[in-house]
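Single-structure report; data block below.
The values are calculated or read from the model by the stated rules, or taken from the named source; none is laboratory data. In this text the structure is predicted, and so the values were computed from the model without any measurement. Cβ: placed from backbone, ideal geometry, glycine included. Neighbour counts: every protein chain shown. With ligands, DNA and RNA removed, areas are computed over all heavy atoms of the protein, side chains included. Shrake-Rupley method; radii C 1.70, N 1.55, O 1.52, S 1.80 Å.
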Amino acid sequence: MTLTLTSASVHSAEVDALLAGLLLMSLAVLALVFGLIWTYAIRYRAGNTEDRGAIGQKSWRIEIGWTVATLVVFFALFVWGADLYVRLYTAPGNALKIYVVGKQWMWKVEHEGGQREINALHVPVGRPVQLIMTSEDVIHDFSIPAFRIKHDVLPGRYEQLWFNAQTPGSYHLFCTQFCGTDHAAMIGEVVAMQQADYARWLTQNGGSDTLVAAGRDLFTRYGCSGCHQAGPTGGGGTVRAPSLNGLYGSPVPLADGTTVFADDKYIRDSILLPADQIVASYAPVMPSFSGQIGEDDLIKLIAFIKSLAAEGPS
Amino acid sequence: MSVTVDTPRVSYLTEENTIGSWLLTTDHKRIALLYFASITGFFFLGGIAAALMRINLLTPTGAIVSHEMYNRLFTMHGVVMVWFFLVPAIPVTLGNFIVPLMLGARDLAFPKLNLVSWYLFMTGGLFATYSLFAGGLDTGWTFYTPLSTDYTKGHVVAVAIGIFISGFSSIATGVNFIVSIHRLRAPGMGWYRMPLMLWSLYATSVIYVLATPVLAMTLILLGFETVFHVGIFDQRLGGDPLLFQHLFWFYSHPAVYIMILPGFGVMSEVLTTFSQKGIFGYKFIAWSSVAIAVISFFVWGHHMFVAGTSVYSAITFSLLSFMVSVPSAIKVFNWLGTLHKGYIKFDAPMLYALGFLGLFTIGGLTGLFVAALGADVHLTQTYFVVAHFHYIMVGGMVSAFFAGLHYWWPKITGRLYPEMWARAAAFLIFFGFNLTFFPQFILGYLGMPRRYAAYPPEFQVLNVLSSAGSTILAVAYLMPVFYLGYSLRHGARSPSNPWHATGLEWKTQSPPRTENFPIIPIVTEPPYNYPRPEDRTRAA
């Protein structure tokens, strides 16, 4: 019977420390509560004639005392947990990005270089890895107990999760948000490898195209290039539709007077529901691609549009 | 106890005994018994589902049922146990029976509404149960969208309608208790002369009345989206799946306190009676119930720390979740203070109550693990959470229910239960419960997700331990059915106050007459005014 869980990431030891702190506090309180129950049960049992003395009349000092003590301990635990939580979910800027799509009942993973895997995730150790995750159907949850992290994966959104694996090895990957009949089969493995091994794995499993290259093909195939300018020369100019050069990460003024920030979610929404956010000074002529482009292709298109950020607005 | 008792010739049990006199009764005591029969049925239905789940989890691949059937079992277990056992359990049975007696009143403020609430409960309960059997439902009791709206074959809408209907029963009971406590207190019974059971049922009723409508709205929206495809929760129609979770937990977190607050009330009654001593910190216990009822409406977001809400929301809800546990801690300390310098007797109600104290403390402390954000990320959605809330709901609430049931059994039936059997059951429940659920804390830490019909083989030993514990627990839960049933005919007659307790319910005959009190009592002393034996010796 195993009673310990491998601690395989930078933060897993910190989570364990917090759990140990909570456990110690709990054991102290339990010792007090059970100790007092036993002591009183024996000393003050009805048959014991020991003189009880008078009962103290004023109890508010005691009440204030234990209320304040409880508040102080709880506040300390709150700060400890909140501080760790913020770090657990704040990915460093230089993280290696890997894309995850959940569907009933499997995990699909795509690497920047176009490598694809199912129900498995290969990552290098000693390097922050950021997962960009979405779902094709219901809500799933990507959980790696050895790294002490998890996050829900929602349809229509890009949620992120990051970690920095330390110990090479193979670890459980679970879906931990109930997602239907074969929820329990939506499992896989996370393989943490030395960086050299990871580089070798990438070459051996090299995809035909990088995500950006695949996205560029799709951009033409879905007809996007007919209207949108993309790249220094490509695309249809800026007359009918806004240029996509330099779009990613910049503010976009909308027809209703508001401004949005062009992130993954904005680009996704603009492809699927273009009528909802019309760019200022353009007519709402773009058709909806809802139901026509799958999550995998969306990731590639977004990767391509993201790569145009460096082009600068034209 | 060899007390000769004048058997009451006439009581609420004997006055009229036709089927109509039971099904159309407006006597709160008879309605309480109707509810007893109903929730006992639901408890064993939910229990059978749990037993089948524990058998299935004996082997990593699932010992007896398919994934689909397993999912239906835990959905049925959750739906039935939450809405048709835990939420109503203590208020509608013990509460219904004891509130007017504790107030010194002849009935609740609205006796007919009380009967209507039972019919609403049964209509909703039978409708939901029929749908669970006929259609099967595999969404879990939480109905998360879009799984429940778009991707399940089960009868979501039908079950939701059942829950919706029974919600009105909760609201009716809540209104009835609130009005009764305001208007029907006996002459001389000020708010601070009320037994603490009434304070906790008052707090519970406030949540019933304020939270249940939100559940009703949520279920209506869910039904609308499923049937008419109006975009509310479906992101493809412009909705937001997280909105469902916000609305659902806005009801369902306060509902957790609906389940446990009445248990707190039972604790205060039983601990004082069997310590023969006044309560320690009456006002702190009373107002902590109110504090819990208020704060419980502001912690729902802690169910969503990994769901995709903002970091600021998570931090706020974490702090509020720590705050809501402070009043519970205050209660535990005050109960310990009540034991101090008491004259403690270990009759079965007291054993159940002490069991509650231990199990609830463990449940409360492990709640802090999941309130602490950094720890919750690892523990949430695993068996740790399953163990945590079962320590509160089953270890705590069901123990309190049994404590109260044994405590008031002589009043309800006029008979004493077999003491040794009851004590044995109390010990067995405590042991079986811990063996069932303690291993699940470890399973959760090790990463085993909840709602899994199959699991990696390294988790098997702990799962087998847990299933073994559940066998003991099942036997222990069946024991009261037999010995309490036996006592109905063969138990010794009870005097009006077998425990030498204070409280108006003990000042009338056991079982009471339909009108409860021949003359409405007048209250002249504070609650729990137990004489100190040493005063008696000094006086003598």
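Picking from A:100, A:29, A:125, which is most flexible by a Gaussian network model of chain A using Cα springs under 10 Å?
Per the Cα network of chain A with a 10 Å cutoff, A:29 tops the list.
Kindly tabulate the residues in the range B:288-316 with an accessible-area decrease of at least 20 Å² between the chain alone and the assembly of all protein chains, using a probe of 1.4 Å.
Checking the loss per residue gives B:305, B:306, B:307, B:308, B:311, B:315.
Could you please state how large a percent of the accessible area of the range B:391-540 is carbon and sulfur, counting protein chains only and using a 1.4 Å probe?
Answer for the range B:391-540 is 69 percent, counting heavy atoms of protein chains only.
Helix B:311-339 versus the longest principal axis of chain B: what angle, 0 to 90°, nearest 10, using Cα atoms?
So the helix axis and the longest Cα principal axis differ by about 20 degrees.
Tally Lys/Arg at +1 and Asp/Glu at -1 over every other residue whose Cβ is under 13 Å from the Cβ of residue A:194; what's the total?
Once all neighbours under 13 Å are counted, the net charge is +1.
Can you give the net charge of the other residues whose Cβ lies under 9 Å from the Cβ of residue A:103, counting K and R as +1 and D and E as -1?
Details: positive: A:108; negative: A:136, A:137, A:295.
In short, -2.
How big is the convex hull of the Cα atoms of the range A:57-132, per residue, in Å³?
153 Å³
Around residue B:390, under 15 Å between beta carbons, what's the net of Lys plus Arg minus Asp minus Glu among the other residues?
+3
Within a 10 angstrom radius of each residue's Cβ in A:4-16, how many Cβ atoms of other chains show up on average? Whole number is fine. Write out the running numbers ahead of the final one.
Numbers: counts 3, 5, 1, 0, 0, 0, 0, 3, 1, 0, 1, 6, 3.
Average neighbour count from other chains, rounded to a whole number: 2.
Tell me, how many Å apart are the Cα centres for the range B:481-534 and for the range B:329-369?
Between the Cα centres of the range B:481-534 and the range B:329-369 lies a distance of 23 Å.
³J(HN,Hα) across the range A:137-144 via Karplus (A = 6.51, B = -1.76, C = 1.60, θ = phi - 60°), whole Hz, x for Gly/Pro?
Rounded to whole hertz, the list is 9, 9, 7, 10, 8, 8, 10, 10.
How many Cβ atoms of partner chains, on average, are near each residue of B:337-349 if near means within 10 Å of its Cβ?
Rounded to a whole number, the mean comes out at 5.
Mind checking how much accessible area A and B bury in total, 1.4 Å probe, in Å² rounded to 100? Each step should come with its number before you reach the end.
Details: alone 17510 and 21580 Å², together 31980 Å².
The contact between B and A buries close to 7100 Å².
Given the options A:223, A:126, A:215, which has the most mean-square fluctuation in a GNM of chain A, springs set between C-alpha atoms less than 10 angstrom apart?
Highest fluctuation among the options: A:223.
Of the heavy-atom accessible surface of the range B:217-286 (probe 1.4 angstrom), what whole percent is carbon and sulfur?
Carbon and sulfur together cover 72 percent of it.
Run the helix sum for chain B: -39,500 (n - 2.57) per DSSP H stretch of 4+ residues, divided by residue count, reported at 222 nm to the nearest 500 deg cm²/dmol. Working shown, then result.
Values: 18 runs with 344 residues, N = 540.
So the helix-based figure for chain B works out to -22000 deg cm²/dmol.
Return one quarter of the surface area of the convex hull spanned by the alpha-carbon atoms of the range B:26-534, equal to its mean projected area, in nm².
22.6 nm²
Rolling a 1.4 Å sphere over the protein heavy atoms, what is the accessible area per residue of the range A:211-311, to the nearest Å²?
Working: 4820 Å² over 101 residues.
Per residue, the range A:211-311 has an accessible area of 48 Å².
Percent of accessible area on the range A:211-311 owned by carbon and sulfur, 1.4 Å probe? Could you put the intermediate results ahead of the total?
Details: 2730 of 4820 Å².
With neighbouring chains kept in place, the figure for the range A:211-311 is 57 percent.
Please say if the range B:350-427 is rounded, prolate or oblate, where rounded means a/c under 1.5 for a ≥ b ≥ c the square roots of the C-alpha gyration tensor eigenvalues, and otherwise the choice is prolate for a/b larger than b/c and oblate otherwise?
prolate
Do you know the Lys pair count in chain A for C-alpha distances under 20 Å, with sequence separation 8 or more or different chains?
13
Taking Cα pairs under 8 Å and at least six residues apart, what relative contact order does the range B:268-353 come out at, in percent?
54 percent
Contact order normalised by length for the range A:211-311, with contacts defined as Cα pairs under 8 Å and 6 or more residues apart; what percent is it?
35 percent
Given a Förster distance of 41 angstrom, what is the FRET efficiency for residue A:90 paired with residue B:58, based on the Cβ-Cβ distance and rounded to 0.05?
After rounding to 0.05, the efficiency reads 0.45.
For chain A, modelled as a Gaussian network with Cα springs under 10 Å, which listed residue fluctuates most, A:281, A:170, A:59?
Highest fluctuation among the options: A:59.
I need the Kirkwood Rh of the range B:60-148: take the reciprocal of the average 1/r across all distinct C-alpha pairs and report it in angstrom.
It is 15.5 Å.
Helices from chain A with mean Kyte-Doolittle at least -1.0 and a Cα length along the axis of 20 Å or more, per DSSP H: which?
TM-like helix candidates: A:12-43, A:60-88.
Across chain B, where is the longest run that never hits GluC sites (Glu not before Pro) in a DSSP loop with at most 16 other C-beta atoms within 10 Å?
Answer - B:17-514.
Hey, how many Å between the Cα centroid of the range A:230-300 and the Cα centroid of the range A:79-100?
So the separation of the two Cα centres works out to 28 Å.
Find, among the GluC sites (Glu not before Pro) in the range A:1-83, those assigned to loop by DSSP (not H, G, I, E, B) with at most 16 other beta-carbon atoms within 10 angstrom.
In loop regions of the range A:1-83 (DSSP not H, G, I, E or B), the sparsely surrounded GluC sites (Glu not before Pro) are A:50.
At 1.4 Å probe size, with no ligands or nucleic acids counted, give the accessible surface of residue A:78 in Å², nearest ten.
For residue A:78, solvent-accessible area is about 20 Å².
Using a Debye calculation, one point per C-alpha and no hydration shell, please list log10 I(q)/I(0) for chain A at q = 0.09, 0.11 Å⁻¹ in order.
Normalising to I(0) and taking log10 leaves -0.62, -0.81.
Ignoring ligands, DNA and RNA, how do B:490, B:406, B:182, B:246 rank by accessible area with a 1.4 Å probe, largest first?
Details: B:490 120, B:406 0, B:182 80, B:246 60 Å².
Ranked from most to least accessible, the order is B:490, B:182, B:246, B:406.
Ignoring ligands, DNA and RNA, what accessible area per residue does the range B:123-186 give at 1.4 Å, in Å²?
Per residue, the range B:123-186 has an accessible area of 34 Å².
Taking Rh as the Kirkwood radius computed over C-alpha pairs, what is the Stokes-Einstein D of the protein assembly as shown at 10 °C in a medium of viscosity 1.306 mPa s, expressed in µm² per second?
54 µm²/s
I'd like the distance separating the alpha-carbon centroids of the range B:13-38 and the range B:264-298, in whole Å.
30 Å
Could you order B:383, B:202 by accessible surface area, starting with the largest, using a probe radius of 1.4 Å? It would help to have the intermediate numbers written out before the result.
Details: B:383 15, B:202 50 Å².
Output order, biggest surface exposure first: B:202, B:383.
In percent, what relative contact order does chain B have, based on Cα pairs under 8 Å that are 6 or more apart in sequence?
19 percent.
Using a 1.4 angstrom probe on the protein heavy atoms only, line up A:158, A:222, B:251 by accessible area, largest first.
A:222, A:158, B:251
When DSSP beta bridges are limited to those with both residues in the protein assembly as shown, what percentage is antiparallel, rounded to the nearest 5?
70 percent
Please report the accessible area of residue A:219 (heavy atoms, 1.4 Å probe, ligands and nucleic acids excluded) in Å², nearest 10.
My reading of the accessible area for residue A:219 is about 10 Å².
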